[in-house]
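To keep things clear, I will list the structure first and then write my remarks on it.
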Amino acid sequence: MNSRLDLVIAGGGFAGLGLAIALKAELGADFEVAVVDPVLGRAPPHDARASAIAAGARRFFERLGVWDSVRAESQPILDMVVTDSRVDDPIRPTFLTFGGDVEPGEPFGHMVENRLLLDALATRAAALGVRLVGSGASVARYAVEGGGVTAFLSTGETLAARLIAAADGGRSRLREQAGIAMYGWDYGQSGIVTTVAHERDHEGRAEEHFLPAGPFAILPLTGRRSSLVWTERTAEAERIVALDDAGFHAELERRFGLRLGEISVIGARAAFPLAMRIARSFVADRLVLVGDAAHIVHPIAGQGLNLGIRDAAALAECIIDAATLGLDIGAPDVLARYQRWRRFDTVSMGLVTDGLNRLFSNDLDPLRLVRDVGLGLVERLPMAKRFFIKEAAGLSGSVPRLMQ
């Protein structure tokens with residue numbers, strides 16, 4: 001195929017599919033979008049991972065018409081507690097709690113299994129007429145030609161468009177081709193993810209235990225299940241993941257505690273290295289970066305996915321405004337508006353998550369005292385807690401229209 005499109009999106013994840021749906025829903029059949037991802041059109045692999053969808057991102061998915069498809073299988077986060085302790089401490093005192101809604105009847109977040117939301121997004125995209133190019137195809141490279149861009153697929157086919165969006169992950173091939181450097185550092189930590197079943201109901205409560213090696217997050221899923229994001233030093237994480245089932249369970253139980261009764265691991269376990277990386281530029285000639293292709297942050301605040309959704313909503317708004325006025329959606333001023341909007345927000349969030357990780361991932365007594373006093377002060381200041389809830393919900397600052 002050698003088709004003329006308005007936009008080609010490399011990557012069919014949350015941000016890529018969300019961007020495509022938003023543009024088709026707002027601009028109609030005359031706006032042509034293609035999403036290229038090798039897994040589209042294939043039977044989805046078993047993936048037990050789940051994601052925390054902040055209130056702003058959930059509003060975005062509601063506007064796209066996909067949230068109703070997953071609402072019944074999503075778990076509202078109704079409450080959150082934060083502790084600071086050592087692994088073997090017999091008691092983990094609660095220093096900070098977050099409860100209530102961002103708006104009446106609207107929780108500040110939901111937990112959703114990735115496969116359910118991705119299936120809903122792909123179904124909605126197809127229904128709106130987004131061209132889904134999958135079955136092993138990927139964007140191998142691109143070339144700017146005159147007033148447009150050509151995407152060369154791994155299958156030998158080509159797609160011509162006015163703009164290409166790289167939503168192809170942290171190892172973005174298109175970002176590398178554009179010569180856009182990534183700046184940041186490795187943490188020497190890895191995040192262990194798995195799913196557990198437990199004897200008692202979690203009642204919609206999320207828990208964040210700050211342990212010396214890093215945060216141990218227990219995130220509620222539907223039923224008596226929880227998703228874990230467990231941070232350890234990389235060598236220790238590799239050792240724990242390689243243990244037999246009994247050994248892994250013993251290490252898990254030391255950190256999980258007994259509040260929810262007996263626990264059992266019901267999902268695959270894996271460890272992922274953690275880093276902070278931010279692209280030197282979010283745009284190039286006829287190219288724009290979205291999601292992990294533009295930034296990777298520490299999962300300590302659960303904001304990585306939600307930053308990507310905010311990218312998609314902001315870019316959609318920039319493109320919609322330009323297209324409505326009959327302007328070139330790939331023009332430098334359109335892309336510059338997106339970069340000004342998103343890069344400051346991303347750098348700010350990256351520095352916040354980096355600072356939190358450095359403050360809490362250690363066992364120095366003076367720092368423990370400082371952070372515990374700080375958490376206690378926030379606990380006693382309702383206005384401060386409200387501010388942090390709005391931040392975590394993705395509803396502070398310049399919020400894209402599609403997230404309002």
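What the table below lists for this structure:
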{"item": "Close pairs from the range 339-352: first within 10 Å of Ser398 (Cβ to Cβ), partner of a type in the set (D, E, K, R) and in a helix (DSSP H, G or I), Cβ under 7 Å, at least 6 apart", "result": "Arg342/Asp311"}
{"item": "Residues (in contact with a strand residue (DSSP E or B) (Cβ under 7 Å, 6 or more places away or on another chain) and at pLDDT below 95) located in the range 113-136", "result": "Glu113, Asn114"}
{"item": "Any hit, the range 180-189, residues being of a type in the set (Ser, Thr, Tyr), closer than 14 Å to Asp37 by Cβ and surrounded by 15 or more Cβ atoms within 10 Å (Cβ to Cβ)", "result": "no"}
{"item": "Residues of the range 81-112 classified as without any contact (Cβ under 8 Å) to a residue 12 or more places away in the chain and either at positive phi or not in a strand (DSSP E or B) (or both), total", "result": "6"}
{"item": "Among residues of the range 323-367, those that are closer than 25 Å to Glu391 by Cα and either in contact with an Asp or Glu (Cβ under 7 Å, 6 or more places away or on another chain) or modelled with pLDDT of 75 or more (or both), counted", "result": "26"}
{"item": "Matching option when the condition is farther than 30 Å from Pro93 by Cα, touching a helix residue (DSSP H, G or I) at 6+ places or on another chain (Cβ under 8 Å) and not charged (D, E, K, R), among Ala213, Ala167, Ala181", "result": "Ala167"}
{"item": "Some residue of the range 229-247 being of a type in the set (Ser, Thr, Tyr), crowded, with 17+ Cβ neighbours inside 10 Å and out of contact with any Phe, Trp or Tyr (no Cβ under 9 Å at 6 or more places or on another chain)", "result": "no"}
{"item": "In the range 351-379, residue farthest from Arg233 (Cα to Cα) [restricted to those that are part of a loop (DSSP other than H, G, I, E, B) and not hydrophobic (A, V, I, L, M, F, W, C)]", "result": "Asp363"}
{"item": "Every residue from the range 270-305 that is buried (at least 20 other Cβ atoms within 10 Å of the Cβ), assigned to a loop (DSSP other than H, G, I, E, B) and either at pLDDT below 95 or at negative phi (or both)", "result": "Phe282, Val290, Ala294, Val297, His298, Gly302, Gln303"}
{"item": "Matching entry among Ser348, Ser396 (being outside any helix (DSSP H, G or I), under 25 Å from the mean Cα position of the chain (by Cα) and loosely packed, with under 15 Cβ neighbours inside 10 Å)", "result": "Ser396"}
{"item": "The range 199-229, subset over 23 Å from Pro107 (Cα atoms) and in contact with a Gly (Cβ under 9 Å, 6 or more places away or on another chain), residue modelled with the lowest pLDDT", "result": "Gly214"}
{"item": "Qualifying residue in the range 171-179 (condition: of a type in the set (D, E, K, R), surrounded by fewer than 21 Cβ atoms within 10 Å (Cβ to Cβ) and within 18 Å of the chain's Cα centre (by Cα))", "result": "yes"}
{"item": "Members of the range 86-112 found to be touching a Leu at 6+ places or on another chain (Cβ under 7 Å) and buried (at least 19 other Cβ atoms within 10 Å of the Cβ), listed by number", "result": "Phe95, Leu96, Val102, Pro107, Met111"}
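Residues checked against (1) more than 30 Å from Ala10 (Cα to Cα); (2) touching a residue at least 12 places away in the same chain (Cβ under 8 Å); (3) of a type in the set (A, V, I, L, M, F, W, C); (4) touching a strand residue (DSSP E or B) at 6+ places or on another chain (Cβ under 8 Å):
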| site | (1), (2), (3), (4) |
| --- | --- |
| Glu207 | yes, yes, no, yes |
| Pro212 | yes, yes, no, no |
| Ile218 | yes, yes, yes, yes |
| Glu232 | yes, yes, no, yes |
| Asp244 | yes, no, no, no |
| Phe256 | yes, yes, yes, yes |
| Glu262 | yes, yes, no, yes |
| Ala271 | no, yes, yes, yes |
| Met276 | no, yes, yes, yes |
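The values are calculated or read from the model by the stated rules, or taken from the named source; none is laboratory data. Values in this document were obtained by computation on a predicted structure and should not be read as measured data. Please note: Cβ atoms are built from the backbone with ideal geometry, for glycine as well, and neighbour counts cover all protein chains shown.
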